[in-house]
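Any read-out appearing in this document is the output of simple, stated calculations on the displayed coordinates, not a laboratory observation. Just so we're clear, the structure is a prediction, and the values are computed from it rather than from any experiment. Here Cβ is always computed from backbone atoms with ideal geometry, including for glycine, and neighbour counts include all displayed protein chains.
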Amino acid sequence: MDYPDSVDDLQTGFKTYEFVFMFNQVTGSPRILYFMIDPWSGTRLFPKANPIVLDDCLYIIGGKNWETGEYIASTWRYDPATSKWAARANIANARCRHTADVVNGCIYITGGEVQGGSVTDSCECYDPFTDKWTSVASLPRQES
């Protein structure tokens, strides 16, 4: 199924994709699952990065460009009160397939896939008040 480009997409060179977001309203968990709808068939779902909710805003952190394979270091915040996206500070290590959790008002990202497809044990902490990412202790590695 072909999806037409919007005017904004034509102006910026970006393509439009459709996503499905899933929330757990019963538990109130800040974890969100989201999937990209296959732009070619429209019948498959592809898992994407782990967005997270903090202070009623949705954060999209890192990821991977589906067409170029480039790993992404950007952080975006969506505020539903204003219906606007805002660029926030970049993470230090571009990655995808990482976990994201909220602890004490900060977002922690752990592990994930980095350039070349290798897995990282690095962890970063985001403070929304200072708009800064800080490297924190790496994930422990198992000894063989």
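Once both labels are modelled 7 Å past Cα along the beta-carbon direction, what's the Gln115-Trp76 spacing in nm?
2.3 nm
Say R0 is 41 Å: what FRET efficiency, to the nearest 0.05, do Ser138 and Ala86 get from their beta-carbon distance? Walk me through the numbers before you get to the answer.
Working: r = 29 Å, r/R0 = 0.71.
Approximately 0.90, to the nearest 0.05.
Mind checking Rg over Rh on region 50-138, alpha carbons, Kirkwood formula for Rh?
Ratio of gyration radius to Kirkwood radius for region 50-138: 0.96.
Between Cys125 and Asn65, what's the calculated FRET efficiency when r is the beta-carbon distance and R0 is 25 Å? Round to 0.05. All intermediate terms of the calculation are to be shown ahead of the outcome.
Details: r = 25 Å, r/R0 = 1.00.
FRET efficiency, Cys125 to Asn65: 0.50.
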